Amino acid sequence: MLHNKEFPARREFLPQMLTEITDEVKKYFTDDKWINRLKVCSEEILVNIIDYSSSKKVFVTCEFDEAENALRFEFADEGKLYNPLEEVPKVDIEEDIDDRSIGGLGIFLYTTIMDKLEYNSDDGKNHLTAYKKLFDGGDFLEK
């Protein structure tokens with residue numbers, strides 16, 4: 001279980017964060033395609049925290065949530081309060097890449113892949129929680 005582990009909010013610690021998240025994900029998912037998708041979702045969230053939140057720390061949780069029958073990811077930071085779920089950009093993935101506006105693809109990605117997302121602020125911290133449902137026995141549940 002990876003529970004509320006504190007990391008410096010700096011890019012050089014991103015590989016360590018992703019390794020620890022991926023190690024936890026592999027306890028529940030066996031399909032490399034979905035392991036990588038969940039890693040990419042985590043990376044998008046973490047990079048946004050590191051680059052834009054002005055927080056010195058990031059807190060990461062990745063654990064099984066029995067009530068949701070899902071793997072629960074929580075990312076918390078002490079930066080400026082920001083809810084990335086308030087204005088999820090509309091992204092046309094069919095549009096030519098040169099014609100797309102910059103930004104928003106990461107949020108689109110994790111709102112598409114994850115089954116449930118929640119944001120709250122508590123004690124001056126941002127908390128973004130994402131869930132990916134499992135079948136009994138840990139098999140991936142297709143959306």
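The values are calculated or read from the model by the stated rules, or taken from the named source; none is laboratory data. What you see is a predicted model; the values in this text were computed from it and never measured. With ideal geometry, Cβ positions are generated from the backbone for all residues, glycine too; neighbour counts draw on all protein chains shown. Surface areas here come from the heavy atoms of the whole protein model, side chains and all, with no ligands, DNA or RNA. Shrake-Rupley method; radii C 1.70, N 1.55, O 1.52, S 1.80 Å.
Counting just the residues of segment 1-26 that are touching a residue at least 60 places away in the same chain (Cβ under 8 Å) and open to solvent by 50 Å² or more (accessible area, probe 1.4 Å), which one comes out farthest from L134 (Cα to Cα)? Here the residue is N4. In this structure, is S55 part of a loop (DSSP other than H, G, I, E, B) and either at pLDDT 95 or above or buried (at least 16 other Cβ atoms within 10 Å of the Cβ) (or both)? Yes, satisfied.
How many residues, within segment 97-133, are modelled with pLDDT under 85 and outside any helix (DSSP H, G or I)? So the count comes out to 5. Restricting segment 58-68 to residues that are assigned to a strand (DSSP E or B) and open to solvent by less than 70 Å² (accessible area, probe 1.4 Å) leaves a set whose member that is nearest to L134 (Cα to Cα) is D65.
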